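Here's the structure, in structure tokens; my notes come after.
The values are calculated or read from the model by the stated rules, or taken from the named source; none is laboratory data. None of these values were measured; they are calculated from a predicted model. Cβ atoms come from the backbone with ideal geometry, glycine included; neighbour counts cover every protein chain shown. For accessibility, only protein heavy atoms count, side chains too; no ligands or nucleic acids. Shrake-Rupley method; radii C 1.70, N 1.55, O 1.52, S 1.80 Å.
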Amino acid sequence: MLSICLYFCAEPTMLPVHLPSAHPSMPILISSDSFPHIYFADVFDAENAHRNPVVCTPFSLSAWDLETRRFDLDGQFFEITPSATGLPTMRDKDVWLYCVSWLANAMFDERHKDLSRNLRFAARDFLDFSKRGNGGAQYDGLVQALDRLAGSKITTNIPPPAEIKESGGSFNFIRYEAELDRDGRIDAVNIELPERLYYLAIDWTHVCAMHPDYFSLTPLHRLIYILAKIHCGVWKPWTISINELHQLTGGTSPFRKFKQFVQALNDNSIPEYRIEVDAQNATPTFYRL
């Protein structure tokens, strides 16, 4: 049970603390049985996102990507500065998805007492949610993901909604502290979300339901799925050139190899979408099912 994992471990040891010394509120315990739907929302969802979607990709396809990323649009910008071990990866993003899914489900179910920027969850429950397995490597991977998220910084000049009191335009993906069990393995996590992400997660106009097969996708397939979610309308297909798609993914693989990947896309590649690829130009068109 979640409560046993969190509260009955013997004398937990603290990892390096990334949360402020005084919490604005006690963390809300995420219950692993309260996820009828998976949702995502991003702080990169600007006010003009539906007219001109922000296409900066802050999450890397692999670890140890140390290159700062910046996206400019009509005088507005996002800049993502990596941690010492690189940018957060598409698999690290699962931590955001876990917290956003909890908040969005609580919002839709009108469980207002469960809405908070400060959340607490068992490592085992997160690994089950993201379908990662429960071996030692998976627990170590969670620590590495939390460190990349906490160490990476977002800077933007896009003003936040009026209700957000976060000072300045620079903030980390998360703040966190973790507890270790008697064997030195991460057991529980207290996490603080940035205000921008929190307010988007509890606004029904800014959350999007995701297919449950998302976690079975490779990092590149995950990213293309998210891009299709942003760009492809219910009635309007999304066609993009191979060059543009390569730039959007932020991948470092050779263009020739990426073109082969796109040519291999089919209707079983990306959940919720039918895909037609122009054989001559390898230009994909996405149709929402």
Where trypsin sites (Lys or Arg not before Pro) fall in DSSP loop in segment 181-213, at most 12 other Cβ within 10 Å: Arg182
Sites Ser34 and Lys153 - FRET efficiency at Förster radius 25 Å, r taken between beta-carbons, to 0.05: 0.20
Per-residue SASA entry for His112, accessible area with 1.4 Å probe, Å² rounded to 10: 130 Å²
Hz values of 3J(HN,Hα) by residue in segment 33-40 - Karplus curve (6.51, -1.76, 1.60), Gly and Pro given as x: 9, 10, 10, x, 9, 9, 10, 10
Whole-number D in µm²/s for segment 149-289 (Stokes-Einstein; Kirkwood sum over Cα pairs; 37 °C, 0.692 mPa s): 181 µm²/s
Distant-in-sequence amide H partners of Ile38 (H built 1.01 Å from N, under 5 Å): Met210
Cα centroid of segment 62-137 to Cα centroid of segment 231-289, whole Å: 25 Å
³J(HN,Hα) computed for each position of segment 104-120 - Karplus, 6.51 cos²θ - 1.76 cosθ + 1.60, integer Hz, glycine/proline x: 5, 4, 5, 5, 5, 8, 6, 8, 5, 5, 9, 9, 6, 6, 9, 10, 9
Reachable lysines, given that their alpha-carbon falls under 20 Å from the alpha-carbon of Lys93 and they are not under 8 places away in the same chain: Lys131, Lys153, Lys229
Inter-site label distance for Thr85 and Thr252 at 7 Å from Cα along Cβ, in nm: 1.7 nm
Per-residue HN-Hα couplings for segment 196-206 [Karplus 6.51, -1.76, 1.60; θ = phi - 60°; Hz; x = Gly/Pro]: 4, 5, 4, 5, 5, 5, 9, 10, 4, 6, 10
